[in-house]
Amino acid sequence: MSSALDLLLQNAAIWRGSESSRAAASAIPSGFTALDEKLGGWPQAALVELIPQREGVGELSILLPALSRLSAEERWIAFVSPPYILYAPALAAAGVDLAKVVVVRARSSADTLWSMEQSLRSGACSAVLAWPGFVTERAIRRLQLAAETGRTLGIFLAACGTPARTSPVPYRLRVDSRFEGMQVEILKRRGGGITAPVHLPLNSAGKI
């Protein structure tokens, strides 16, 4: 009975009053008004799954304003096992302080998850972005706990086209390029409720 209820409550269409205060607390403005209205900003101490629909859609672009803001803090911004070499000029042009950026190269998916968890838990990072491949529910729960412990924004980028599924991750977003910008579909968020896709205008120079 309990497992069936847990499965039901993971549906984004289910709203729980206890979630609303958590959704509103300690959010980092995304830099996009339309996205903040739906999402409430990026959570400061929670895990986000970002799902690009296709390779090379520029999924990091929607994170750049927040990363720029966070790089003004004393803490680090960690990129764990990015699949490509980060383009430093684009980060700098978006206002990200490169002196606050650290890149971790892990040898395996397990090492990537370990590095992400330790970086989140340490409290030394304001944001941790990772590309771990497949992530189990147990790993997601550990990463979420680590994000809460370190008061850190944790983002893991899933494989392109990852299907919708039940998951303990509190935030799930699907992104795709559309009409000189990005379309963001909020699959799951704290506070629940289904929202229409959000279009974020971006010029081609702002995509990364």
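What is the one condition in (1) modelled with pLDDT of 95 or more; (2) part of a helix (DSSP H, G or I); (3) polar (S, T, N, Q) that residue 126 does not satisfy?
Status for residue 126: all satisfied but (2).
Being within 19 Å of residue 147 (Cα to Cα) and surrounded by fewer than 19 Cβ atoms within 10 Å (Cβ to Cβ) is the filter here; which residues of the range 168-197 pass it?
168, 191
Of everything in the range 7-56 that's charged (D, E, K, R) and modelled with pLDDT under 50, which residue is nearest to the chain's Cα centre (by Cα)? Even if it seems obvious, please write down each step before you answer.
Kept after step one, since they are charged (D, E, K, R), are these residues of the range 7-56: 16, 19, 22, 36-38, 49, 54-55.
Cutting the leftovers down to modelled with pLDDT under 50 gives us 16, 19, 22.
Values: 16: 22, 19: 19, 22: 17 Å.
Residue satisfying both the conditions and the ranking: 22.
For residue 35, state whether it is touching a strand residue (DSSP E or B) at 6+ places or on another chain (Cβ under 9 Å), touching a residue at least 60 places away in the same chain (Cβ under 8 Å) and either assigned to a helix (DSSP H, G or I) or crowded, with 17+ Cβ neighbours inside 10 Å (or both).
It is true that residue 35 is touching a strand residue (DSSP E or B) at 6+ places or on another chain (Cβ under 9 Å), touching a residue at least 60 places away in the same chain (Cβ under 8 Å) and either assigned to a helix (DSSP H, G or I) or crowded, with 17+ Cβ neighbours inside 10 Å (or both).
Quick one: in the range 65-93, of everything that is in contact (Cβ under 8 Å) with a residue 24 or more places away in the chain and more than 18 Å from the chain's Cα centre (by Cα), which residue is surrounded by the most Cβ atoms within 10 Å (Cβ to Cβ)?
Top of the filtered list is 90.
Quick check on my filter: what residues within the range 141-154 are out of contact with any Asp or Glu (no Cβ under 8 Å at 6 or more places or on another chain), among the aliphatic types (A, V, I, L, M) and surrounded by 15 or more Cβ atoms within 10 Å (Cβ to Cβ)?
Scanning the range 141-154 gives 147, 153.
I need the strands (runs of 3 or more DSSP E) fully contained in the range 134-208, keeping only those with at least 3 residues that are farther than 24 Å from residue 78 by Cβ and at pLDDT 85 or above.
Correct list: 181-188, 198-201.
Could you tell me which residue of the range 94-111 is surrounded by the most Cβ atoms within 10 Å (Cβ to Cβ), considering only residues that are out of contact with any strand residue (DSSP E or B) (no Cβ under 6 Å at 6 or more places or on another chain) and either within 26 Å of residue 135 (Cα to Cα) or touching a residue at least 40 places away in the same chain (Cβ under 8 Å) (or both)?
So, considering only residues that are out of contact with any strand residue (DSSP E or B) (no Cβ under 6 Å at 6 or more places or on another chain) and either within 26 Å of residue 135 (Cα to Cα) or touching a residue at least 40 places away in the same chain (Cβ under 8 Å) (or both), the one surrounded by the most Cβ atoms within 10 Å (Cβ to Cβ) is 94.
The values are calculated or read from the model by the stated rules, or taken from the named source; none is laboratory data. What you see is a predicted model, and the numbers here were worked out from it, not measured in a lab. Positions of Cβ are backbone-derived with ideal geometry, glycine not excepted, and every protein chain shown enters the neighbour counts.
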